[in-house]
1. Restricting to region 260-277, count the residues that are under 20 Å from ALA368 (Cβ atoms) and free of Cβ contacts under 8 Å to residues at least 40 places away in the same chain.
2. Would you mind telling me which numbered condition in (1) closer than 17 Å to LEU15 by Cα; (2) more than 19 Å from the chain's Cα centre (by Cα); (3) among the hydroxyl-bearing types (Ser, Thr, Tyr) THR59 fails?
3. Quick check on my filter: what residues within region 163-222 are under 24 Å from MET499 (Cβ atoms), among the polar types (S, T, N, Q) and buried (at least 21 other Cβ atoms within 10 Å of the Cβ)?
4. Quick check: is even one residue across region 218-236 more than 21 Å from ASN369 (Cβ to Cβ) and small (Gly, Ala, Ser)?
5. Could you tell me whether region 285-295 includes any residue that is over 22 Å from the mean Cα position of the chain (by Cα), buried (at least 21 other Cβ atoms within 10 Å of the Cβ) and either charged (D, E, K, R) or part of a loop (DSSP other than H, G, I, E, B) (or both)?
6. Could you grab me the full set of residues in region 241-259 that are without any contact (Cβ under 8 Å) to a residue 40 or more places away in the chain, touching a strand residue (DSSP E or B) at 6+ places or on another chain (Cβ under 8 Å) and not charged (D, E, K, R)?
7. If you go through region 317-334 one residue at a time, how many are under 19 Å from ALA241 (Cβ atoms), modelled with pLDDT of 95 or more and either surrounded by 14 or more Cβ atoms within 10 Å (Cβ to Cβ) or touching a Ser or Thr at 6+ places or on another chain (Cβ under 9 Å) (or both)?
Amino acid sequence: MNNSATPIIILGGGLAGLYCALKLAPLPVTLIAPSPVGTSGASYWAQGGIAAAVEEGDTPEQHAFDTIAAGAGLVDADIALGMAQEARKRIDELLELGAPFDRTKHGQFLPSQEAAHSHRRIIRVKGDSAGRAIMETLKNRLNATPSITVIENATAYKIIKNSPHNLSVYCSTSEGETIEYRCACLVLATGGVGHLYRLTTNPFDSCGAGVAMAAQAGAIIADTEFVQFHPTAIDMKTDPAPLATESLRGEGATIINRFGHRFLMDCDSRAELAPRDIVARKVFESIQHGSGAFLDARERIGSDFPSRFPAVYASCLAAGIDPITQPIPIAPAAHYHMGGVLTDARGRTSINNMWAIGEVASTGVHGANRLASNSLLEALVFADRVASDIKQHHFSSSDYSYNLSHPNTVNIDQSPIITEIRETMSAYVGVIRSEQSLTLALKKFITLYNMENTPVVQNMLITAIFIAASALTRRESRGAHYREDYPCESPTLAFRTQMTLNQVLDIANTCI
């Protein structure tokens, strides 16, 4: 393991982390990730693409309008417009780096349609391979950038403020060491929370560690109740579940029950292209009622499936499903977290010299419900902004170092507790919630929190408590947050949630 110290540390090896590291060059950066950089995180698995107004007649203003509409009253309009206006520049930069976006022989983009977008604006690679292609492009450039030191298989578990001007990050390694890295600037790019749920499209690393570490260091956390469930995860009993990209529905695939009925048409005129929260709830309800749910691409895509959507096709074949001739069984799965560490327009958190980008951040651009394919765009836009902000920072040699220390972890198998956390989140803090279910979840979580746990498990519990406590306090249904005991949106609650660790622990303790 390379333990070289640098003044800038980025935690996370996904799109946001890699792009920020490259934009910081030639400043020295250490990028720390719990798994191989660029090939194992949620960014690598992303199928849809990057949203950008490239079609004739489309504009950044219209893109921002769609983003605000999807966010159910909680989107920061200025942030959304700024992101949409920067989209084309970020796309062009990726092209220059070698990203093989789908284009005509004349070089024009071939954007696709996704739910709640008013135009075809999803920039893709081979239909459903955008994440993989973009990450491979960035990884190649990363390997050719000498200013970036990469440390893999190191799991960050604690952040400490040493002074107003530097922070320490504690990491455990695969060799059993604990290393303290001291830095002048810290960028959180640790990803989302999906693996807190039993059914998810996210890898294990997406277990909410960034939110928990920031909260314990004193950061303000925002909007954690808003967890987006992707309505068309392939229901093949694997962990994580493979995704049937929304682009399939954009290209005409329909959702049916076991009787062949397109049940979404009964509740929304947009049917399969309604916002994800609506589609996810109706798919969930159909499954709960015993009618099942299936994605049917036989008519509109048919024999073109292998060439147009090769990743989804391979996942289906692995499950013994031929999507050319058979409907694909689907179920809603935890997919994306709109909440996270509160940031401003430059990616700055409430802690000096700490920034957050990507899914771990809550920038205000997603509100209560992320517009499809805005996630990769947000990661790119804010990674660029954070890099520009850090470049204005003055570094001194005393700002950074690293030290080996003795491990301070609980030497017990905590996999049963992890299983309990994930099953509880799916059962009680999932697609449909209530005061009773959320109270039961918090009672269980706070009991586990007060036990002796490893840092990884304790971080999972903290983030689970944030999500459940925020969901309990929001007595309405808005966007991806649905309360069956408060099924309507309340105009008086059209504001973002902002909480500290002490506040959510107080809420959880009242449930005991």
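The values are calculated or read from the model by the stated rules, or taken from the named source; none is laboratory data. Computed from a prediction, not measured in an experiment: that's the story for all the values here. Cβ: placed from backbone, ideal geometry, glycine included. Neighbour counts: every protein chain shown.
1. Residues in region 260-277 being under 20 Å from ALA368 (Cβ atoms) and free of Cβ contacts under 8 Å to residues at least 40 places away in the same chain: 2 in total.
2. (1) is the only condition that THR59 fails.
3. THR190, THR200, ASN202, SER206, listed by residue number.
4. Yes, region 218-236 contains at least one residue that is more than 21 Å from ASN369 (Cβ to Cβ) and small (Gly, Ala, Ser).
5. Looking for residues that are over 22 Å from the mean Cα position of the chain (by Cα), buried (at least 21 other Cβ atoms within 10 Å of the Cβ) and either charged (D, E, K, R) or part of a loop (DSSP other than H, G, I, E, B) (or both), one finds at least one in region 285-295, hence yes.
6. Matches in region 241-259: ASN257 only.
7. 11
Yes/no per residue for (1) closer than 19 Å to GLY48 by Cβ; (2) in contact with a strand residue (DSSP E or B) (Cβ under 7 Å, 6 or more places away or on another chain):
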| residue | (1), (2) |
| --- | --- |
| PRO306 | yes, no |
| ASP322 | no, no |
| HIS335 | yes, yes |
| SER350 | no, yes |
| MET354 | no, yes |
| GLU359 | yes, yes |
| GLY364 | no, no |
| SER375 | yes, yes |
